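Novice: Please see the structure below; I have some questions.
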Amino acid sequence: MNTKRMTNRPTNTVIKLNLGCHKWKIQGWINLDTDEKMKPDVFMDVEKLDYPDNSVDEIYAGHMLEHLTADSNGLEEWRRVLKPGGKITITVPDTEKAFELYNRGELDYEFLIKVAFGSLEVTEHHAVFSEKSLIERVGKVFPNVKIIDTFEHLVADVKWQTICNATK
């Protein structure tokens, strides 16, 4: 496992971070996680990235933001390391969509609870999101945030999530 400092990278290297990768690794990206059992490329706290300011080209945080507390500086940290013009894509479970699916009989109750609160497999959720609340939270740090339909590296392509992206 690579635990060396990341600040010694050549400046012309394209850096793409998959934050909180868990078991969903993206080829060609640096897969970060704090769970050594998941065997990330780099063992690192996503709220304290060991990268210089303006050094990262792209960030993907797939089903990660809901695990950060309300007072987390995660979004600010992600903005700090992104290069000007750098892109961030965030996916979260969307409880509004999950309740709609549950009410239509397309999602069972046990899974609805996992969408809202997390599962024992991973840490619990500290936040729940809808499209509106995701835009509000991310928009405080990335004012040009917008909801998008899909992303080529989704950890899961499911109806009960919301995807947004922004640039620095």
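The values are calculated or read from the model by the stated rules, or taken from the named source; none is laboratory data. Nothing here was measured: the structure is a model prediction, and the numbers come from that model. Cβ atoms come from the backbone with ideal geometry, glycine included; neighbour counts cover every protein chain shown.
Novice: Just a yes or no: is a residue in region 123-132 in contact with a Gly (Cβ under 8 Å, 6 or more places away or on another chain) and surrounded by fewer than 16 Cβ atoms within 10 Å (Cβ to Cβ)?
Specialist: Checked region 123-132: at least one residue is in contact with a Gly (Cβ under 8 Å, 6 or more places away or on another chain) and surrounded by fewer than 16 Cβ atoms within 10 Å (Cβ to Cβ).
Novice: How many of the residues making up region 53-68 are surrounded by 21 or more Cβ atoms within 10 Å (Cβ to Cβ) and acidic (Asp, Glu)?
Specialist: Going through region 53-68 one residue at a time, the tally reaches 1.
Novice: Can you tell me which of Lys132, Lys114 is more than 16 Å from Ile59 (Cα to Cα) and at pLDDT 95 or above?
Specialist: Answer to the check: Lys132.
Novice: Within region 86-99, is even one residue aromatic (Phe, Trp, Tyr), over 16 Å from the mean Cα position of the chain (by Cα) and at pLDDT 90 or above?
Specialist: yes
Each row is one residue, and each column tells you yes or no for (1) more than 17 Å from Ala127 (Cβ to Cβ); (2) among the acidic types (Asp, Glu).
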| site | (1), (2) |
| --- | --- |
| Asn12 | yes, no |
| Leu17 | yes, no |
| Asp35 | yes, yes |
| Asp41 | yes, yes |
| Asp53 | yes, yes |
| Thr69 | no, no |
| Thr95 | no, no |
| Leu107 | yes, no |
| Val115 | no, no |
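Novice: Is there a residue in region 147-167 that is modelled with pLDDT under 95 and among the small types (Gly, Ala, Ser)?
Specialist: yes
This table checks each residue for (1) assigned to a loop (DSSP other than H, G, I, E, B); (2) of a type in the set (Val, Ile, Thr).
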residue	(1), (2)
Tyr51	yes, no
Ile59	no, yes
Glu66	no, no
Arg79	no, no
Lys97	no, no
Gly105	yes, no
Phe111	no, no
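Novice: Kindly indicate which of Asp71, Asp50, Asp33 is buried (at least 16 other Cβ atoms within 10 Å of the Cβ) and either among the basic types (Lys, Arg) or over 17 Å from Ala166 (Cβ atoms) (or both). Spell out how you get there, then give the answer.
Specialist: Working: Asp71 fails: buried (at least 16 other Cβ atoms within 10 Å of the Cβ); Asp50 fails: buried (at least 16 other Cβ atoms within 10 Å of the Cβ).
Asp33 is the lone residue from the list that is buried (at least 16 other Cβ atoms within 10 Å of the Cβ) and either among the basic types (Lys, Arg) or over 17 Å from Ala166 (Cβ atoms) (or both).
Novice: So Pro84 clears everything in (1) free of Cβ contacts under 8 Å to residues at least 40 places away in the same chain; (2) surrounded by fewer than 14 Cβ atoms within 10 Å (Cβ to Cβ) except one condition, right? Which one?
Specialist: Status for Pro84: all satisfied but (1).
Novice: From the list Val92, Val155, Val145, which one is free of Cβ contacts under 8 Å to residues at least 40 places away in the same chain and surrounded by 19 or more Cβ atoms within 10 Å (Cβ to Cβ)? If you could, list the steps in order and put the result at the bottom.
Specialist: Numbers: Val92 fails: free of Cβ contacts under 8 Å to residues at least 40 places away in the same chain; Val155 fails: free of Cβ contacts under 8 Å to residues at least 40 places away in the same chain.
Of Val92, Val155, Val145, the one residue that is free of Cβ contacts under 8 Å to residues at least 40 places away in the same chain and surrounded by 19 or more Cβ atoms within 10 Å (Cβ to Cβ) is Val145.
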